[in-house]
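S.K.: Quick one: the structure is below, questions incoming.
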Amino acid sequence: MFLSVFELFKIGVGPSSSHTVGPMVAAQRFLSSVSANCPGKTGRVQIRLHGSLAYTGEGHGTDRALILGLAGEKPDTVDPARMDDIVAAVKGDKTIDAGGVTLAFDPDQDIVFDYGPPLPGHANGMAFSLVGEDGASLYARVYYSVGGGFVVSGEELDGLGEDQSPVTHETSVPYPFASAREMLDMGARSGHSIADMKMANESARRPEEDIIDGLDRIWATMSGCIERGLARTGVLPGGLNVRRRAREIHAQLLGEAYANDRFAHTVMDWLGVYAMAVNEENAAGGQVVTAPTNGAAGVIPAVIRYYLDHCNGADQAGVRTFLLTAAAVGGIIKHNASISGAEVGCQGEVGSAAAMAAAGLTAVLGGTNMQIENAAEIALEHHLGMTCDPIKGLVQVPCIERNALGAVKAVTASSLALRGDGTHFVPLDHCIETMRQTGIDMSEKYKETSTGGLAASVIEC
């Protein structure tokens, strides 16, 4: 099994990897497919959103993402400053270009939020159609946004066996571990760290210098997102009137930096403010890195920033080790369970991010492979059962603060693991399977539909 670090950590835009980044990718894939399979055909593009995409798509900007995708924009290259103009132009013209062919598309009429049963493949289903003047379908495709910005077509999903993941690859790599147990065994036999094995696997597909450049770009984007979030004020969009708080908290922390009576636990406030800065940017539709999702995008950057600012000996090489180790653990979780809130709740988003961050921090602080696996298990175990219940479908409440707490849990998990020798009671693989089973048992109203939990308990004024 192989899942690249650059597939888990993807540069995109907020507020959601599954509801924004995924639909943008799906729309672009459909348009390319139409150009390739229906050259010269004209008609109207229509899209039906199902399951969680229907229930919370408006709050996540799914319709806006679809428009951008049909306009040819990509999540990692679209200019956030131009997105409003691009969307306005499509809404005004009511057309899109498909390889030189003009197709009709009126977003207000042709994007339908279908609140009926979800499509069979996944909770995040999208049905695209090119229809003629008589309303008959000329070409159709179904896509699923399966979490973390990953998109698969209906045909791709149907072609998988029961034990196959829709996003991992069966490819020739030196250390093809598909479970934490295999990862530990391969590390013990080879004498290599988890990060070294992950780098060897990545190097089987691209030159090492490209991997290093890519990892540095990922961290630079994460760091830039933190800085923007710490600098900006105002009210987040969407109608909840949630005020940005990261800049104010950051200013307070800077003012207390040299005070004699500051609390020892203030370090947790630094962790929290870094995570909140990222997720406030995400909620505002800014540029973020899926880590492994947008809804959980603040945890890993916050813990890396904690490592750089508060841990002796921290350096850029350590950041690369952190990201490689985190990606190894994230790939195992993605392969054997899910990182999709619509599939397993927030345990799969913030829980997975905390496990990845705990593993990465433990690695750069000198932990053994067994201690790294232990740290990941502790962090994930104490997110089990966490629901995904964003109020009004917006990635704001409870998501922003939840990332801050996820970062704190990650550091705590790493500290606990480093105090031991790596032996522990519950293996990481068992914890991942428990998360998967819990997600199956979890009511749909707690899986990113905003029909239960906080989303149903808070009365809008």
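S.K.: Do the conditions hold for ILE304, that is, is it out of contact with any Gly (no Cβ under 8 Å at 6 or more places or on another chain), in a helix (DSSP H, G or I) and of a type in the set (A, V, I, L, M, F, W, C)? Steps first, please.
M.R.: Values: out of contact with any Gly (no Cβ under 8 Å at 6 or more places or on another chain): no; in a helix (DSSP H, G or I): yes; of a type in the set (A, V, I, L, M, F, W, C): yes.
Here the answer is no, as ILE304 does not meet what is asked.
S.K.: For the range 246-282, which residues satisfy the criterion of being among the hydrophobic types (A, V, I, L, M, F, W, C) and either over 26 Å from GLY12 (Cα atoms) or open to solvent by 10 Å² or more (accessible area, probe 1.4 Å) (or both)?
M.R.: ILE249, ALA251, LEU253, LEU254, ALA257, ALA259, PHE263, ALA264, VAL267, MET268, TRP270, MET276
S.K.: Would the range 206-221 turn up any residue that is basic (Lys, Arg) and in contact with a helix residue (DSSP H, G or I) (Cβ under 6 Å, 6 or more places away or on another chain)?
M.R.: no
S.K.: Tell me which residues, restricted to the range 1-27, are of a type outside the set (Val, Ile, Thr), over 30 Å from VAL173 (Cα atoms) and not in a loop (DSSP other than H, G, I, E, B). Walk me through how you get there before you give the answer.
M.R.: So the first thing to find is which residues in the range 1-27 are of a type outside the set (Val, Ile, Thr), and the list is 1-4, 6-10, 12, 14-19, 22-24, 26-27.
If we keep only those that are over 30 Å from VAL173 (Cα atoms) too, we end up with 14-16, 19, 23-24, 27.
Within the range 1-27, HIS19, PRO23, MET24, ALA27 meet the criteria.
S.K.: Are there helices (runs of 4 or more DSSP H) fully within the range 32-133 with at least 3 residues that are crowded, with 20+ Cβ neighbours inside 10 Å? List them. Step through it out loud before you land on a result.
M.R.: Details: elements: 52-60, 62-70, 83-93, 107-110.
Because the criterion is at least 3 residues that are crowded, with 20+ Cβ neighbours inside 10 Å, the helices (runs of 4 or more DSSP H) in the range 32-133 that meet it are 52-60, 62-70.
S.K.: Out of (1) within 23 Å of the chain's Cα centre (by Cα); (2) open to solvent by 50 Å² or more (accessible area, probe 1.4 Å), the odd one out for ALA178 is which?
M.R.: Here ALA178 clears every test but (2).
S.K.: Still on this structure, I have one more. Looking at (1) assigned to a strand (DSSP E or B); (2) surrounded by fewer than 20 Cβ atoms within 10 Å (Cβ to Cβ), can you tell me which one GLU155 breaks?
M.R.: With respect to (1) assigned to a strand (DSSP E or B); (2) surrounded by fewer than 20 Cβ atoms within 10 Å (Cβ to Cβ), GLU155 is out only on (1).
S.K.: Are there any pairs, at least 6 apart or on different chains, whose C-beta atoms fall under 6 Å, with the first in the range 72-97 and farther than 18 Å from GLN287 by Cβ and the second open to solvent by 40 Å² or more (accessible area, probe 1.4 Å), and if so, which?
M.R.: Qualifying pairs under 6 Å: VAL90/ALA71; THR95/THR102.
S.K.: Filter the helices (runs of 4 or more DSSP H) completely within the range 344-461 down to those with at least 1 residues that are open to solvent by 20 Å² or more (accessible area, probe 1.4 Å), among the charged types (D, E, K, R) and in contact with a strand residue (DSSP E or B) (Cβ under 9 Å, 6 or more places away or on another chain).
M.R.: Working: elements: 350-364, 369-381, 399-418, 428-441, 454-457.
Qualifying helices (runs of 4 or more DSSP H): none found.
S.K.: Search the range 234-247 for residues that are charged (D, E, K, R) and pair each with any residue that is modelled with pLDDT under 95 and not in a loop (DSSP other than H, G, I, E, B) when their beta-carbon atoms are under 9 Å apart and the residues are at least 6 apart or on different chains.
M.R.: Pairs that qualify, where the first residue is charged (D, E, K, R) and the partner is modelled with pLDDT under 95 and not in a loop (DSSP other than H, G, I, E, B): there are none.
The values are calculated or read from the model by the stated rules, or taken from the named source; none is laboratory data. The shown structure was predicted, so the numbers you read here are calculated from the model rather than taken from an experiment. Quick reminder, even Gly has a Cβ in these numbers, built from the backbone with ideal geometry, and neighbours come from all protein chains shown. The accessibility values were calculated without ligands, DNA or RNA, using every heavy atom of the protein model including side chains. Shrake-Rupley method; radii C 1.70, N 1.55, O 1.52, S 1.80 Å.
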